[in-house]
Amino acid sequence: RDQMGYQGVVMTDDLDMKAVKHDIKTSIRQILNADIDIAMICHKSPAIETAFNEIVKLITTYEEFYRKASESLQRIDALKKKYLV
């Protein structure tokens, strides 16, 4: 974001496709560190609950992750307002 000056919404590809070799908890931490707004898991899988719990744990434990999550919500909200109004 900083290098390219991009302020729009960024999402992952389906994390269940096994393109990433890390476990889901590590992937979620990297996704949050990278300022990615939406982590997609497109199939019913235990990874959904694990990913959700990891996101909640990180944003409630670490101020930096909380700040990043708040900024992400602002980007998503701006996109919704632009296209859903």
Would you work out the charge dipole size for the chain about its Cα centre, treating the Cβ of every Lys and Arg as +1 and the Cβ of every Asp and Glu as -1, and quote it to the nearest 20 debye?
140 debye
Quick check: at a probe of 1.4 Å, how many percent of the accessible area of the chain sits on carbon and sulfur atoms?
58 percent
To the nearest 10 degrees, the tilt of helix 63-84 (Cα long axis) against the first principal axis of the alpha carbons of the chain is 60 degrees
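When the convex hull of the Cα atoms of region 16-77 is projected onto a plane and the area is averaged over all directions, what value comes out in nm²?
On the way: hull surface 16.9 nm².
Spelled out: convex hull of the Cα atoms, projected over all directions, averaged, 4.2 nm².
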For helix 24-33, report the angle its Cα long axis makes with the longest principal axis of the Cα atoms of the chain; keep it between 0 and 90° and round to the nearest 10°.
20 degrees
Looking at the chain, which chymotrypsin sites (Phe, Trp or Tyr not before Pro) are DSSP coil and have at most 15 other C-beta atoms within 10 Å of their C-beta?
6, 62
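Please work out the FRET efficiency for the pair residue 84 and residue 13, using the Cβ-Cβ distance as r and a Förster radius of 25 Å; give the result to the nearest 0.05.
Step by step, r from the Cβ atoms, then E = 0.60.
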With a 1.4 Å probe and all protein chains kept in place, how do 80, 18, 68, 44 rank by accessible area, largest first?
44, 18, 80, 68
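The values are calculated or read from the model by the stated rules, or taken from the named source; none is laboratory data. Please read these numbers as outputs of a predicted model, since none were measured by experiment. Note: ideal-geometry Cβ built from the backbone for every residue, glycine included; neighbour counts use all protein chains shown. Surface areas here come from the heavy atoms of the whole protein model, side chains and all, with no ligands, DNA or RNA. Shrake-Rupley method; radii C 1.70, N 1.55, O 1.52, S 1.80 Å.
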